[in-house]
Structure formats: structure tokens, C-alpha cells
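The values are calculated or read from the model by the stated rules, or taken from the named source; none is laboratory data. Bear in mind that the values here come from a model prediction, so they are computed numbers and not experimental data. Cβ placement follows ideal geometry from the backbone for every residue including glycine, while neighbour counts extend to all protein chains displayed. Side chains included, ligands, DNA and RNA excluded: accessible areas come from the protein's heavy atoms. Shrake-Rupley method; radii C 1.70, N 1.55, O 1.52, S 1.80 Å.
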Amino acid sequence: MTHLVRIFIFAFFIFSLAAHADDRIDTLRTKLEKLSKSAAPGLKETVDFSVSGISIQEFLRGLAESNSLNISIDPTLNIRIVNNFTNEQVLEIFIFLCKEYQLDITFTGSIMSFKAYNPPAPKVASLPVKDILISYNAYSDLLSLDLKQDTLEKVVKKITNLTKKNLIIPASLSNRLVSIYIENMPYENAVDKLAFSNSLKMNKTKDNFYVLENLEQDNTQNPSARSKTNYLNKDSQYNNENLSIEISSDSLGHQFINLEAVNNPISDIIKAISKELKVNFFMFSEPKGSTTTKITRATYDEVLNFLFQGTEHTYKKIDNIYLFGERSLEGLRATRLIQLQYRSAETILDNIPAELKKGVDIKHFKELNSLILSGSEPRIYEIESFVKQLDKIVPMILIEVLIVNVSKSRTVKTGISAGLDSTRRTSGGSVFPGLDYTLSSRSINRLLADLGLSNNIFNLGRVTPNFYINLRALEEQGNINIQQTPKLSTLNSHEATLKIGQTRYYELATQNVQGSLTTNVTRTVQYNQIQANLSIKINPTVSGDDQVTLEIDVDNSDFTEIPPAGPPPTSTSAFKSIIRVKNEEMVVLGGLERVEKRETGSGVPLLSRIPILKWIFSSKSRTKAKSKQLIFIRPTIMY
């Protein structure tokens, strides 16, 4: 594949040179043609020349003098010409010389300067840089790899840049090509599988560095790089069982221990390993108890942690000396400050298991959001590792709520009503667009008088001054659209609450009668309140795949009507739901719909039921109202 690419680049280079040469000659011809029409007409003159072995300087100088041309010639040109030109234009001779001997002409007014042509460096098409397909989710610590013959140095650099975890390799492995496909695997497991599939091995240092090494250079495979010593426990109380210790080293100089012991005292195992590794140690008191164990490829500190696990002894390293003794011993206690970056120290303290806290004094330092640990070094390290796993960024969720209330109503009022009312002494009302007109007694008497004049046979008489007639033919429609767009923010798994409503007051009157002969009535008025609210409670939980689980509790109440007295009636609707949506995806909760129909009427018995006549002898009112509420919710994860 590489050989074909090189052939392609070479062919492209040759093609570019040829194309550029043709363009250069055409450009020179155009400039000479233009100059011949203005300042140098001698370029169009024809000449006869036959030369053999003459320098190009003399040849061009002779052409210039004979045709009145201004020419400058580079003295470094060392070209001898052998040519015969018959009845040829000077311009064509110049073009021929430039093409044949790789010359170039620069123009300054009418002056032509001849010099050697230096072709520009060709632009070679660069091969596209291959993208290394690596993705990492910091929240879930999941790493995905899609590698195919990628350089190990670039892979390690991109993994470190994405994860902020230091992954290093020896210089000898920089150009190593690696391939693997892994989908959403924990970081440490993914790097280990990357090493395994490419004949590498991964080691993790105490300062949390990950090292990739060549498996073929593992000194454990080289007998000359290992030292092996078998220790035999000769004390009869240990049943003469064997203690086997094997020490090996890797290419970085790290030493590892392979240990196999059966019912051997812990103190004897520590002394034997320390002697083989030439480790300086001091025992305040010898660890008690025996153990049966088999450990493969462990460091000295890891072996000590295994041996002291569940005992009253611990160790501490000062410079190059290991100190062994009981955990409560003052010289072996360590104190460390753990400052948290993302979580509350008080919350973390409540979630540390009781087993980890044994033998360690933990204090909460509120001002620095830190924990102060005092106890044995291995137990403190264990607690610190656990705290680091919990001290991660807690996602904050922005919840956008769109509440849409749509209300539609239609009311039809028709009929004729009459009665006595002293306040209605004038006629008036609306005629257009709907009829709602009241006739007073004066207007009715005037109408009756006119009817009496027109027909003397009938005498209709007059109505009383308080009499009125109301004519009504009216239709009303109403559309109301209300939108509310509140925004809420809350931490992961913490409830966010939205409450919108209104409060109304109604009068509650009481009367107290006091006395028997002379009564005294006391009236007391108290105003009570009643509320109608829209309450939304949302509890979001973020999953590792950027999905959000929403626990939604909606409680909606509203006033249905306003009565003349007493508390206003309300209608209530509520629901609870648990849904799962993607990040920034909108979900509709809606459809809280209420329909009201109301019909009232009054009329003259029997006459109000007869068709056509019922419009004169009755009055009716019909109302139909529909309200609908839609709730849209969109969560957005914000790290």
C-alpha cells in the first residue's frame, strides 16, 4: 500500500512540473506580445542568424542592438548556442531560448532581464491524517476504543488527554502499531485488554500511573533476571511446611514477589521477603499469627497489606526503613487531609462504610470541604481510594417546563322577558352584533298608543310606570391561550418543585343572639381563603448513557365558578408517572382536559314548549366551555 502511494505522489509531481512549464511559456508569450505593441516593436522584426558555439550573452546582445531592444543578461549564465534561424521573429527566438535552456524573463518597463529559471517547489498533496477513534465518559469511567493499526504513541496521548489519567510507554514502543475494538468498558479493564491483545502488559504504580510495557521483554521470562530462593521452616511447631518466595523484575526495575506459604508465621514471611529484597526494617513488636497464602506478581507493599489485613499490626515507611508494629502505636499512626473537589465532605463522611472506619479517626473540616484522617497508613489509603471513587462530578439537570392552558367557551342567550323594576325607566341596550335591548314603560306605552291609533276597534290601554320588556338574541365566544415557561435546576436525584396557583376569599358570617327579654344580635364576619394550584414535582436521575429518569407528580386544581355566597367550588386532577427520556429530549405530559355544559331557561307554561311561540314566551341561556392543559418537560444534563 505504501509503495503505491509513493508511485502516485511521484506521478503527480511529474505531471505538476509539465503543466507548470506550459503555463510559464504561455505567460511569457503574452507579456512579450503586449510589449511588442507598445515600447518594443523590434520584437516583431524578422532576423536571419546562424551561430555555432557563441555564448548566450553575445547572441542576445547582438539581437538587442540590431532591433533596438533594451536587454539585461545575467553574467552567470554559461550557455553556448549552436542554432540557425532564418526569417524568424525576435519574439519567437526569445520564447525558444527560454524553453530550450530553462530561462526566465522579468520585465521592468521596456527592459527585459534574462536569467536562469528556478521552478517553484511543487505542492504535493498531503495524505489525510487518520483520526484515532477513542471516546470516554468521565461520569461512568467507561472507555471505548476502535483502533486499527494506529501508532501506540498517538493512542496513549489521546487516551491521557481524554481521561486525564496518566498512561505512559517506553520510548522503544512509540512506533508500535496496535489494533482493538472495545465498547464501553471501565478504564482500567479497557487499558488492560488493549495491552493483552497487542502482546503488551499493563502495570499500575503507587502514584496512580499506568505503564504499558512489552510483554516479550518481561524479565520474568528470562531466567538470568530472576532470583529464586526456597525457604524451609525448620521449627517443628510449623509442621515443617515449605515457604516459597520468588523475586522477579521488569524492564523498569520494579520488583515483584511470587509467594506461596502454608501455615507459616507472618513475622517469618516478612523477615524472609525483606532479606531477599534487601529491605531495611524495624519491628516494634512481632506480628502474631500464621497464614496460608498464595500471591502472584505483587509488590512488597501489596504483600504487606495482604498479610496485615484483619490484624492489629500495620507498617509505615520512613525514608528507606519500614517500621512494623501495632496500629495504635504512636509512631505508626499517619495523618492525612483529603480535600474533596466535587462532593460535600459531610455527605461523603456519612457514606463511608463502618468497616473502613475501624481504627481510623475521621474529622470533618467544613471550611476546606475536607476530611482529616488519623490512623494506620494502609487503612487510610483504603479510605482515600474509596473517597476518590465517590468524589465525582454530580450532574446538574436543567428542567424546562412549558405549560399551555387553552380555554374555549360559547354562550347563546335568546328569548323575551318582562317584569316590574323601578330602576329601568329608560330604554337602551345593544342591537349589533348581538341583540340585548330593554324597553321601558314609556316606550311600551308609546308603541301601544300608536297601535291604538292605527286600529280604533281595539283599545290596548297603558302599562304601569315600572313595567319593562327585555329582548335578547345574543351569542358569545371566547378563546384564551396562556403559556408559562418556568425553568428549574436541580442536582442529580434531588427533587425540583414548581407551584403556580391563585387564592380566593369567601365570607363566613355568624350571628349570636344574647338576652331573653331584650335580645342583642351580634353578627361576626370571617373571611376564609381557598386555593387552587398547579403543583409539579420532578425528581431526575441521570444514567450512565445520558438517559434521564423522571419521577413526575402533578396535582392540578382550578376554580369552576364564582358563586354569590359560600366557598367557590374547585375541580382537581392529579397523576404520577415515571418516564425515561434522552438528554435534551422533550416529553409531553399533557391532556388534562375539562368540558362544562350548562343550560338554563324560563318561560310561560305550555306556551314555552310550542315551536315558534316559545321564542316569545321563554328565555334561555346555553353555555359550553372547554379547557385543556398541556405540560411539556425537557431535561438537559449540565456537568
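For the reader, a short list of remarks on this structure follows.
- For segment 40-60, residues that are assigned to a helix (DSSP H, G or I) and either exposed (fewer than 14 other Cβ atoms within 10 Å of the Cβ) or touching a Pro at 6+ places or on another chain (Cβ under 6 Å) (or both) total 2.
- Residue count for segment 281-312, restricted to those that are touching a residue at least 40 places away in the same chain (Cβ under 8 Å) and over 21 Å from Thr205 (Cα atoms): 7.
- Conditions (1) open to solvent by less than 80 Å² (accessible area, probe 1.4 Å); (2) among the hydrophobic types (A, V, I, L, M, F, W, C); (3) at pLDDT 75 or above; number of the one not met by Phe617: (3)
- When Ile134 is tested against (1) at pLDDT 85 or above; (2) under 30 Å from Leu43 (Cα atoms), only condition (2) is not met.
- Pick from segment 180-190, criterion more than 10 Å from Val155 (Cβ to Cβ) and of a type outside the set (Asp, Glu), ranking: surrounded by the most Cβ atoms within 10 Å (Cβ to Cβ): Ala190
- Of the residues making up segment 529-543, at least one is outside any strand (DSSP E or B) and closer than 23 Å to Val401 by Cα.
- Subset tally (residues that are under 24 Å from Ala39 (Cα atoms) and not β-branched (Val, Ile, Thr)) for segment 67-84: 6
- Looking across segment 334-382, just one residue is on the phi > 0 side of the Ramachandran plot and modelled with pLDDT of 85 or more, and that is Asn369.
- Where a residue in segment 587-604 is over 17 Å from Lys413 (Cα atoms) and at pLDDT 75 or above and its partner, wherever it lies, is open to solvent by 70 Å² or more (accessible area, probe 1.4 Å) and of a type in the set (D, E, K, R), with Cβ under 6 Å and at least six apart: Val595/Lys626
- Scanning segment 272-324 for residues that are more than 25 Å from Asp250 (Cα to Cα) and among the aromatic types (Phe, Trp, Tyr) returns Phe282, Phe284, Phe308, Tyr315, Phe324.
- The listed residue being within 30 Å of Ile399 (Cβ to Cβ) and loosely packed, with under 12 Cβ neighbours inside 10 Å, out of Thr490, Thr503: Thr503
- The single condition from (1) buried (at least 19 other Cβ atoms within 10 Å of the Cβ); (2) touching a residue at least 24 places away in the same chain (Cβ under 8 Å) that Thr151 fails is (1).
- Criterion: open to solvent by less than 60 Å² (accessible area, probe 1.4 Å), hydroxyl-bearing (Ser, Thr, Tyr) and at pLDDT below 75 - qualifying residue of Thr549, Thr518, Thr541, Thr560: Thr560
- Check on Asn230, at pLDDT below 90, more than 29 Å from Lys388 (Cβ to Cβ) and in a strand (DSSP E or B): yes
- Residue match in segment 341-361 (condition: touching a helix residue (DSSP H, G or I) at 6+ places or on another chain (Cβ under 7 Å), among the basic types (Lys, Arg) and farther than 30 Å from Asp268 by Cβ): yes
- Lys363 being assigned to a loop (DSSP other than H, G, I, E, B) and either basic (Lys, Arg) or under 35 Å from the mean Cα position of the chain (by Cα) (or both): no
- One residue stands out among those in segment 329-371 that are touching a residue at least 12 places away in the same chain (Cβ under 8 Å) and small (Gly, Ala, Ser): the one that is farthest from Val394 (Cα to Cα), which is Gly331.
- Residue that is most open to solvent (accessible area, probe 1.4 Å), among those in segment 72-86 that are assigned to a loop (DSSP other than H, G, I, E, B) and not aliphatic (A, V, I, L, M): Asn78
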